[in-house]
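Report on one structure; see the data block that follows.
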Amino acid sequence: MNLQLRGKNALITGATRGIGRQIARELAAEGANIGICARAIEDVQEAVRELKSYDIHAVGEACNIRDADAYRAWVDGCAEQLGGIDIFISNVSAGGGFDSEKNWWKNFEIDVLGSVRGCEAVIPHMEKADGGGSVVLISSTNAVEVFSAPMAYNSMKAALITYAKQLSQYVGDKNIRVNSVCPGPIYFEGGAWDMLKDVNLPFYESTLRKIPRGEMGSLKEIASVVTFIASPRASLISGANIVADAGFTKRVQF
Ligand SMILES: NC(=O)c1ccc[n+]([C@@H]2O[C@H](COP(=O)([O-])OP(=O)(O)OC[C@H]3O[C@@H](n4cnc5c(N)ncnc54)[C@H](OP(=O)(O)O)[C@@H]3O)[C@@H](O)[C@H]2O)c1
């Protein structure tokens with residue numbers, strides 16, 4: 001299937017490692033131009049170098065999305081350098097943690113406000129694009145079923161699903177689609193589950209047992225889902241929450 005991504009301009013936050021980086025690779029492999037950010041400049045430069053090997057235009061800046069002005073400047077700078085924005089993947093998260101109020105503020109600021117600020121910055125650029133636009137917010141299965149403990153992470157990831165749905169209605173007449181994707185556990189070297197396997201093997205193993213195929217998702221699997229949802233070939237999908245978890249969650253979705 002040709003995903004019709006060649007020549008589209010896609011921005012991905014937090015794309016120097018893990019899921020964000022693989023999404024950037026998959027989009028680049030389909031011919032999209034890429035704009036990325038993360039906090040560590042050396043990692044951004046290294047990722048941009050790799051992305052350029054796909055024979056596309058790739059740009060990147062060191063930017064902490066907590067800094068609203070720097071974040072907006074990164075979006076506007078990418079739009080200028082790439083010649084517009086067609087796709088936005090909001091991928092950065094503050095991650096989980098049990099440190100009560102500190103984590104609630106951090107997850108609100110990074111997960112929720114980070115996505116809201118990103119959308120508010122990219123949508124004016126998408127309105128100018130011929131083919132409209134596509135926004136994907138990266139949520140988590142932690143948002144849709146009881147997981148681990150009542151962490152801020154779980155609730156703030158849930159807020160993203162509602163925001164994506166409502167935004168999709170608001171911008172739909174501009175041919176902009178908005179969806180959220182909930183990855184289940186994704187295993188990769190240096191990732192959260194790799195770390196958990198070392199520090200809490202019983203928890204890692206009990207999580208694995210909940211996945212019918214007995215294997216967590218891979219970077220390539222989750223990035224393929226996001227790439228399809230972001231692409232024009234998913235033109236019927238807007239306001240949806242896509243759970244991509246190999247059966248990890250147990251609720252029936254209607
Ligand atoms: N891994 C999983 O199993 C899993 C499951 C469900 C959902 N998710 C979600 O998927 C997304 C990606 O997770 P991941 O596991 O791939 O994360 P990761 O490996 O920790 O990568 C995070 C990326 O974001 C960047 N970053 C972190 N804080 C930032 C900030 N304040 N400003 C700008 N960039 C920042 C990091 O680079 P710097 O450190 O240099 O900034 C890095 O590039 C997250 O939203 C996560 O909640 C993951």
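For the reader, a short list of remarks on this structure follows.
- Just one residue in the set GLY31, GLY35 is surrounded by 24 or more Cβ atoms within 10 Å (Cβ to Cβ) and either free of Cβ contacts under 8 Å to residues at least 60 places away in the same chain or over 19 Å from the mean Cα position of the chain (by Cα) (or both); that residue is GLY35.
- GLU61 being touching a strand residue (DSSP E or B) at 6+ places or on another chain (Cβ under 7 Å), among the acidic types (Asp, Glu) and without any contact (Cβ under 8 Å) to a residue 40 or more places away in the chain: yes
Matching residues to (1) out of contact with any strand residue (DSSP E or B) (no Cβ under 9 Å at 6 or more places or on another chain); (2) closer than 18 Å to PRO232 by Cα:
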residue: THR13; (1), (2): no, no
residue: LEU27; (1), (2): no, yes
residue: ILE36; (1), (2): no, no
residue: SER53; (1), (2): yes, no
residue: ASP69; (1), (2): yes, no
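- Flag if LEU160 is more than 26 Å from ILE34 (Cα to Cα) and among the aliphatic types (A, V, I, L, M): no
- Of the helices (runs of 4 or more DSSP H) lying entirely inside segment 52-165, those containing at least 2 residues that are modelled with pLDDT of 95 or more and touching a Ser or Thr at 6+ places or on another chain (Cβ under 6 Å) are 114-128.
- Hey, LEU201 among the aliphatic types (A, V, I, L, M) and more than 11 Å from the ligand (Cβ to nearest atom) or not: yes
- Here LYS106 meets each of (1) within 30 Å of PRO150 (Cα to Cα); (2) within 16 Å of the ligand (Cβ to nearest atom); (3) free of Cβ contacts under 8 Å to residues at least 12 places away in the same chain with one exception, condition (3).
- The set of residues in segment 7-24 being away from the ligand (no atom under 11 Å from the Cβ) and either more than 17 Å from CYS78 (Cα to Cα) or crowded, with 19+ Cβ neighbours inside 10 Å (or both) consists of LYS8, ASN9, ALA10, LEU11.
- Qualifying residue in segment 45-60 (condition: near the ligand (Cβ under 7 Å from one of its atoms) and surrounded by fewer than 24 Cβ atoms within 10 Å (Cβ to Cβ)): no
- Single residue of segment 172-197 satisfying the filter (in contact with a Ser or Thr (Cβ under 9 Å, 6 or more places away or on another chain) and in a helix (DSSP H, G or I)) that is farthest from the ligand (Cβ to nearest atom): GLY172
- When segment 161-196 is filtered for residues that are of a type in the set (D, E, K, R) and surrounded by fewer than 16 Cβ atoms within 10 Å (Cβ to Cβ), the ones remaining, listed by number, are ASP173, LYS174, GLU189, ASP194.
- Residue check, GLU30 of a type in the set (Asp, Glu), out of contact with any helix residue (DSSP H, G or I) (no Cβ under 6 Å at 6 or more places or on another chain) and under 19 Å from ALA244 (Cβ atoms): yes
- Given (1) within 12 Å of the ligand (Cβ to nearest atom); (2) within 30 Å of ALA10 (Cα to Cα), number of the condition PHE147 does not satisfy: (2)
The values are calculated or read from the model by the stated rules, or taken from the named source; none is laboratory data. This one's a predicted model, so the numbers in the text were calculated from it and none came from an experiment. Don't worry about glycine lacking a Cβ; one is built from the backbone with ideal geometry, like all the others, and counts go over all protein chains shown.
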